[in-house]
Every structure is written in structure tokens, then in C-alpha cells.
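Notes to accompany the following structure.
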Amino acid sequence: MGEWLVTWPAALVAVLVLVVPGVGPAYGLGLRGLVAWGAAPALSGAVVGSTAVVLGELGVGWNVAWVAVGSAVVTALGYGVWLLSGRRSTGTLRRGRTRAAVAVAVGVTGLVAVALQVRRTAAAIGGPDRVAQTFDTPYHLNSVRMILENGDASSFHMTLTQPEATTAFYPGLWHGFVSLVVQVTGAEIPVAANWVSVATTCVVWPLGMLALGRLLLGPRPLLLGIVVPLSFAMTQFPNRLLSFGLLYPNVLSYAILPGVLALSVLALVRTHGRGRLPAVAGVLTGLVALTFAQPNGVFALGFVAIPLVVHALVQVTARLRHRGRGWVVALLPWPVTVLVVAAGYRALGMLPLVSGFRGKVVWAVTAGREQATAEVLRLTAMHPSITPNFPETEILSPGTPNILVGALVLVGAVAALFVARWRWLPFAYAILAGLYLLVRAVDIPLRGTLTGYWYADPQRIAALLPLVGVPLTVVAVAGLARLVTLAAGRVRGTDRLRVSPWAGAAIAVVLGLLVSVVLPRTATFRESFSYLAHAYRVDPEAATSTGLVDARELRLLGRLDEIVPEGVSVAGDPWDGSALVWALADREAIYPHMGMVMDPDRALVASSLNEALTDPAVCEAVDDLGIGYVLAMGRHLSDGGQGGFPGLEGLEEAGVARLVAAEGEARLYEVTAC
């Protein structure tokens, strides 16, 4: 951990930029305590994402000072909404034993659980400057470099793979956060990226769960004290998603989902009349954050909210009947809600961004229904033996069932059916489980319609299970605690044993420490961290490497800025890792990602650079693109993308370039023909 501790400024700033911009808006909306701090990261996302878009349209440079201005503006707007609502606050606890006990229980268990999760995650990654050896890494890290050079973090100007375009939408919130960390601390891009990822999964995620727990469970020290330890109890998220893809935007979107879901609970079932206004404003703001993080988070929230909306409608109908209204009036909100939802669904479908994903299927059915059902029940969904991400899967242990937590989820689902305010949770979990079964084992047209937002990908959908699964595990503890107090009460001749707030806090501390220390030592968790380590593993040489870059190639990239002058671009086949030259060596990559759209000049260089001595058009393209060097790194990522850049082969033999540096199989050539 020593090398991680040296980079503590990046860690601190990562937490600050993820949380602080949303604290003012949260308090402005009248949120307090755990609810305010749990919702803050979602509101921060909206502030950062919206500020980036506004600055991009105005042509103003991107920096943290403007984020502070954006936060102040949103805070003022939130305060105005709170005034209109009648100044009702949510999440406030009066001073006393309960408040102090909650603070101690959450503080002790939360700090220990977060510290241990940070330590294990950092150890799995290996070092703060490691890069994930995966397909999406060049895009994300190079996009951060593009933001820093252009001074534009707008999600509508993410043109990395479309260099000729003036506008292109891609959810750029994660990249905006990372760029802020780099600007403020001067950290290298990989260091900032890794700390933002660690802070997202180890701070933002449990904060959102605390807000959700506070609204579902009330101010109960025993239950709130175990929320943070249990938020890390399902390996599907954050451990496994943090090693797949690598889907940085999806990780961020899923991490802020609990906070937005908490605001949805507040808006739909915990407030009434004008008092709903701040919560509704919070939900809308959270939806903005999800859109800029990864829009599939919006649709995940939509699926989970279906039973919550039904629960709210039942409450509205009961309230209207209690006030003496007839059945026609009492049931009127139901068809109105259906019409509004249908209209919204249709309106969203008119957006190219949404319509392009409806029905989009990339992942095929790969299991039978019985196997998929077992994966959900035993919580082996998305484990190495189920969904391998690398060709050398034999080095990984098979997925081991998470039996204890799976049992808690089932117990919690049953217990929730007996408590009105929790009754929607089992149905929400069933919807997520159903989506997983659909993408994993059911090949029907509806599969693409419902899950195209995730490319019908089992990994992305499995990672949603903890969103509702974690609250269900806490509900299970609540149910078991009630049974224990009832049994103890009968022994003592009373209805039930009363537990004081401090006793509840003490029990929470014991349970929380047990969960945080013991559960990660099980085979299930060891495998998930091993898989994360595999994603970041740096092999000593290309002959053994399955990833983007090996140790020798990293050494060449490390001294490339001493060889290539500033302002000179570097060409290279992105499949061999050369795309990382922009992010790691601060020299622009002509081909910054494997999936980019080729303009005529780039296409000509890719196909014919080795013919520059005989084709004048090639040198014209080289000059237009500012190419001075070519990087050849040898083996391709998982041997993919072969043959796509024939013009970059045999340059020295063709007399087009000369070798200027080498490390192992990695070669850097200077273009001499142009």
C-alpha cells in the first residue's frame, strides 16, 4: 500500500469532487444527515456533468472553479424549491441517544468496512499507476487526455473516435471527474483514474446505500450500522464490474443509483403534497447525473421503480378512500400513471440515443434456464467460471456460490412481504433477476427490447442485483433481530425484549466487523479480487501477455516523451497497445481506440504508410495529421484486430522510417520519407 499512500492527494481530491459539489444542493433541497450525504454524489454528478455541457457550448475552459460556480447555482435553485415546498426537511434526527448511537454505529462499521475494501481493491489493482489490460481502457484514458488538452468535458463533445465530427454524445461524467483530479493534483491519468474508481466503489456506493437504508429502515442503529459492511457483501458489484470491460462509466452510474433510488423512495412514498417538490427535484437531478454517467442507469432505475410506483399508487388509493372519495376518484391515479409512463417511454424512443439501443443484442444466450436460475439464487452470476473475460480462464478458480448472502437475500425477500413499506423490494429484486434470466437463458425478441440498453449483457445486468439485494440483506437482519427479541421477551415473560439505541449500536459494530473481516476471506470474494487483479496484471514480456501492454512496452512508453517532440503525433495499431501513447506519454495517438471511425487521411496511412516513397498522397496525409513517429508494440490484445493496419508494417525495410528506440518487441520508428 506504500505506493498508494504516496498518491494521497489524488485520493482526497477524488472523494471531494465526487461528493462535495452535491452537498450544497442536497442541503438546499432540505435533505439532512445520511439522506443528504448519500444523495450528494448523485447531485454532484448532475452539477459536474451539466457544468461541463454549458462550458462546452460557451467555449469556456473546463476547470474546478466553474464546478464550484455550478454547485452554487444548483444550491440556490434547490433552496428555492425547498421554500416552495413549505420548508420541510428530511433525514433530520433530534439530538439524543438515538442520534448519537446511529453516528457511532455507522461511523465505526463504515470506516472499518470502507478502509478494508479500499485496501483489498488497491491490492488487487496492484499499483496506483496500473492500467486495466482491457478493450475499453484506451478510449477512456485517452478521452481524459483529450478533455485536458481541449479544455472541454462536455458529454456532447466526446469526439475521440470521430475526429472529423464537431459533436458526438458519449456519457463523459467519469472522464470529467478524472480530469478534475488531474488538474487539481497534477497526478498522472492512470493514478487519477484508479483513485476515482476506488472512491466511486468504496465511498459513493456505500453512501447511497446509507441514504436508501435511512429512508427504508428509519433511525435504527442496529440496522443502519450494518448497511456499509453489507453494501460490499455481493461480489457482482462493485468487485466484478470493476474488472470487466473496463466499464468505468457503468461503474459510476451504478454507484450513484442507490442515492437516486433513495430520492425516488422519498418522492413517491415518504412525502406528500407540496412536500414532494424537493424530492422530485432531487430525482430529476439524479436522472441528469445517471444520463451523463451511463444512461443505462436511468433504465435500471425505471425497472426497479415499477413496484415502488405500484406501492405508491396503493397508498394514494387508500388515502383517497380514507378521505371518503369514491372508487372512481380513488383509482383514477392508476390509468393516469400508465398513460404518463407510456407517453414517456414513447418520447424516449424518439431520441436517437435511446432508439439505437432498443433491440440491440450483442451477447448471445449462453446458458439454460435452470443454470441461470441457480446463478441468481446462489449469487454466482458474473463469476469467472460463468462469464470469463480473458482467454486464459484456467488460471482462475471456478465461481463459488455466495451461500450465506444468497440466503440472507431470500430471507429478506420473505420478511419484506410482511412489512408494508418494504413490500416493493422483493418484486424489484425479482425484476432484476428476471432480466438476468432473460439475457442469460431466454432467446426471444423481447430480450433485445427490454435489455438492449445493456447490449443484452449478463455482466452488466448481474451487477445490478446488489442495488436491491443489499437492502434485502439488511431487511433479513431486521427480521432475524425481531425473532430474537420476541423469543427473548417470551423467556422473560414480556411481549418482546426492548433493545436500547446503544445496545443496538454495539450489536451493529460486532456484526459489521464480522461481515467486513470474515466474508471477504471466503472463496467467493477471493475469486472476485483475483479477477480484478487479472484485469490489471502486467506481464513481463509480450510472449506471456494477454493484455494491452507488457512491462517492456510500458518502459518504452515511459521514455517516449523524451524522444518525440511536443506537438508531434504518433501512429500505431491500437490493438497492440500503442493507442495508450496519448494517455501515458502525452503524445497524441492518431488511432486512439480500436473502434474509431476512419477519416480519409487516417485510412490512407493505415493502409499505405509503407508506400510513402511511391505515393505522394501518403505524405500529404502524414503532414496533415502531424505524424512524426510510428509505434509498433507487437502482440495484439487477445490476438484481436489482425490485419487492420497493413500500412504500418515493414516500414524500415521499405525505407519509410528508421528505428529510434526499442524495448523487447516494442519499437519506435521515426518517419523519414515525408
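Bear in mind that the values in this text are calculations on the coordinates, not laboratory data. The structure displayed is predicted, hence computed values, not measured ones. Here the Cβ positions follow ideal geometry from the backbone for every residue, glycine too, while neighbour counts run over all protein chains shown.
Observations on the model:
- Neighbour-count order for V510, V102, V283, fewest beta carbons within 10 angstrom listed first: V510, V283, V102
- Proximity of backbone amide H atoms, modeled 1.01 Å from N, is registered between A661 and L668 at under 5 Å, excluding neighbours fewer than 5 places apart on the same chain.
- Beta bridges per DSSP, both residues in the chain: antiparallel share near 60 percent.
- Karplus-based coupling profile of region 277-288, in residue order and whole Hz: 3, x, 5, 4, 4, x, 5, 4, 5, x, 5, 4, with θ = phi - 60° in 6.51 cos²θ - 1.76 cosθ + 1.60 and x standing for Gly or Pro.
- Sorting 55-62, 272-279 by average packing, meaning the other beta carbons within 10 Å per residue, from highest down gives 272-279, 55-62.
- Helix 173-185 axis, angle to the chain major axis (alpha carbon atoms, nearest 10°): 70
- Cα gyration tensor shape of region 560-674, rounded if a/c is under 1.5, else prolate or oblate by comparing a/b with b/c: rounded
- Taking region 551-671 and dividing mean pair separation by its residue count, relative contact order in percent (alpha carbons under 8 Å, at least six apart): 30
- Taken as Cα centroids, region 1-60 and region 550-590 sit 32 Å apart, rounded to the nearest whole angstrom.
- Long-range amide H partners of A168 with built H, under 5 Å: H157, M158
- Per-residue HN-Hα couplings for region 429-445 [Karplus 6.51, -1.76, 1.60; θ = phi - 60°; Hz; x = Gly/Pro]: 5, 4, 5, 5, 5, x, 5, 5, 4, 5, 6, 8, 9, 10, 9, 10, x
- For R537, nonlocal amide neighbours, meaning residues 5 or more places apart or on other chains whose placed amide H falls under 5 Å from its own, are Q133.
- For the peptides 293-306, 405-418, the ranking by mean Cβ contacts within 10 Å, running from highest to lowest, is 293-306, 405-418.
- The long axis of helix 8-28 is offset from the longest Cα principal axis of the chain by roughly 50 degrees.
- DSSP beta bridges confined to region 551-671 are antiparallel in about 70 percent of cases.
- Correct choice for log10 I(q)/I(0) by the Debye sum over Cα atoms at q = 0.06, 0.11, 0.12 Å⁻¹ that was computed from the model, options (i) -0.40, -1.10, -1.24; (ii) -0.47, -1.44, -1.52; (iii) -0.36, -1.13, -1.33: (iii)
- Length gained on full extension, Y345 to V517, computed as 0.36 nm times the residue gap minus the Cα-Cα distance: 57.5 nm.
- Placing a pseudo-label 7 Å from each Cα along the Cα-to-Cβ vector at R482 and E649 gives an inter-label distance of 6.9 nm.
- Taking 0.36 nm per residue of separation and subtracting the current Cα-Cα distance, fully stretching the chain between D539 and A318 would add 73.2 nm.
- Ordering of 580-587, 184-191 by packing [mean C-beta count within 10 Å, highest first]: 580-587, 184-191
- Each Cα pair under 8 Å and six or more residues apart adds its separation to the average, and for region 246-355 the resulting relative contact order is 23 percent.
- Label-point separation in nm, V336 to A420, each point 7 Å along Cα→Cβ: 2.1
- Calculated from backbone phi, Karplus (6.51, -1.76, 1.60) coupling profile of region 126-139 in Hz, x at Gly/Pro: x, x, x, 9, 5, 10, 5, 8, 10, 4, 7, 4, x, 4
- With contacts taken as Cα pairs under 8 Å and at least 6 residues apart, the chain reaches a relative contact order of 16 percent.
- Mean ellipticity per residue at 222 nm, deg cm²/dmol - from DSSP H runs of n ≥ 4 across the chain, formula -39500 (n - 2.57): -19000 deg cm²/dmol
- Looking at region 89-177, the trypsin sites (Lys or Arg not before Pro) that sit in a DSSP loop and have at most 13 other Cβ atoms within 10 Å of their own Cβ are R94, R95.
- For the chain, C202 have no disulfide-compatible partner, since no other Cys C-beta lies under 4.7 Å from theirs.
- Averaging Cα coordinates gives a centre for region 270-308 and one for region 248-269; these two points are 7 Å apart.
- Helix 369-378 and the longest principal axis of the C-alpha atoms of the chain enclose an angle of approximately 70°.
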